[in-house]
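Where a number appears in this text, it was derived from the coordinates with a stated rule and is not lab data. This is a predicted model, so every value here is computed, not measured. A quick note on method: Cβ atoms are made from the backbone with ideal geometry, for glycine too, and the neighbour counts reach across all protein chains shown.
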Amino acid sequence: MLGFIDPANDTYSTKMYPLDIRGVTGLSLTGGYLYAAAQPLMGSTLMVLDADTLRLESSQWLGNDVMDVHSILALGDKLYVVSTGTDEVIEYQLYGQTASDPRVIWRPDPKLPRGDWHHLTSICSVAGDLLVTAFGRKADTQEPHWSTALNGFVHNITRDTKTISDVQHPHSLRVVGDELAFCESNLGLLHVGKDQIHVGSYPRGLDASVTSLFVGISARRDMSGEYKVLRIDRANRSVESEIATDDAPLYDIAVIKEIE
């Protein structure tokens, strides 16, 4: 489901849509539409919502070659999809509510078979370049979870250069003003430019309004911690409020309307 926060009074509500899905793992706002990556039992589905009314306009299954989408970016006439289960960034042509003509534009290691080797987690555009976050390879490849993946990175896939290294479980890459921001989830940190803000638990999901940062906080993988969204003042980096959410993991945040 999707959750909605009204920052004017810090209220939280949810909205269900008539689709058989088990999670929403990517949001992108452009051209009057809110695009959402939804996870059915198999594959991934693109939901298209009217950004003003939040009415579901259409849904589209993205096909067999896309697995476990963790992030999407709608940019002009392109939709970029982070296919975490195949270690790929896939570009689609975007025609309003329809994505077509998929092609793989980047893989961390093309020599590896398709699979979740580096755990790609988010994508954003910075000065015309595309940047992607990833956990990096596991130290113990037999370990089923990602606790031994401690060399995460931010990679500029347009220029094929690594811009940030040695971060633990990076998520939710965003541009905030003229600064790059992301969550270092395993350490409970929010990075904004050169600043590090300790927010605790497992932060994942980030966006900014003119005055505030909104960061999602989920329980850690051992189920310790809370589920909430923090509203942080962009100027002084202090927590303005905490908005409790349902006890479910938070994946992404999108500011869809500024406070009047």
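A few remarks follow.
- When the stretch 121-159 is filtered for residues that are in contact (Cβ under 8 Å) with a residue 40 or more places away in the chain and farther than 19 Å from G188 by Cβ, the ones remaining, listed by number, are I123, C124, S125, V126, L130, L131, V132, H155, I157.
- Qualifying positions in the stretch 35-49 - among the small types (G, A, S) and not in a loop (DSSP other than H, G, I, E, B): A36, A37, A38
- Qualifying residues in the stretch 157-175 (those that are surrounded by fewer than 16 Cβ atoms within 10 Å (Cβ to Cβ) and of a type outside the set (S, T, Y)) - the one nearest to Y251 (Cα to Cα): V175
- Qualifying positions in the stretch 227-260 - in contact with a Phe, Trp or Tyr (Cβ under 8 Å, 6 or more places away or on another chain) and farther than 24 Å from M1 by Cβ: I232
- Candidates G205, G200 - the one that is of a type outside the set (A, V, I, L, M, F, W, C) and part of a strand (DSSP E or B): G205
- Looking at D178, D116, just one residue is closer than 26 Å to S212 by Cβ and either free of Cβ contacts under 8 Å to residues at least 12 places away in the same chain or among the acidic types (D, E) (or both), and that residue is D178.
- Flag if K78 is more than 21 Å from V126 (Cβ to Cβ) and either of a type in the set (K, R) or in contact (Cβ under 8 Å) with a residue 60 or more places away in the chain (or both): no
- Residues that are closer than 21 Å to A244 by Cα and exposed (fewer than 13 other Cβ atoms within 10 Å of the Cβ) within the stretch 176-212 comprise just one, H198.
- Enumeration of residues in the stretch 50-97 that are in a loop (DSSP other than H, G, I, E, B), under 22 Å from T133 (Cα atoms) and not β-branched (V, I, T): L62, D65, M67, D68, G76, D87
- Scan of the stretch 13-34 for residues that are more than 21 Å from R174 (Cβ to Cβ) and in a strand (DSSP E or B), ordered by number: S13, T14, K15
- Selection over the stretch 115-151 of residues that are surrounded by 19 or more Cβ atoms within 10 Å (Cβ to Cβ), in contact with a helix residue (DSSP H, G or I) (Cβ under 8 Å, 6 or more places away or on another chain) and in a loop (DSSP other than H, G, I, E, B) gives a count of 1.
- Between S100, S58, S44, S28, the distinction of being free of Cβ contacts under 8 Å to residues at least 12 places away in the same chain and either surrounded by fewer than 18 Cβ atoms within 10 Å (Cβ to Cβ) or at negative phi (or both) belongs to S100 only.
- Reported count of residues in the stretch 98-112, each being closer than 19 Å to H70 by Cβ, not in a strand (DSSP E or B) and not aliphatic (A, V, I, L, M), is 3.
- In the stretch 144-162, the residues that are of a type in the set (S, T, N, Q) and within 15 Å of T121 (Cβ to Cβ): N151
- Residues being under 16 Å from E179 (Cα atoms), outside any loop (DSSP other than H, G, I, E, B) and either over 16 Å from the mean Cα position of the chain (by Cα) or among the aromatic types (F, W, Y) (or both) - total across the stretch 208-255: 4
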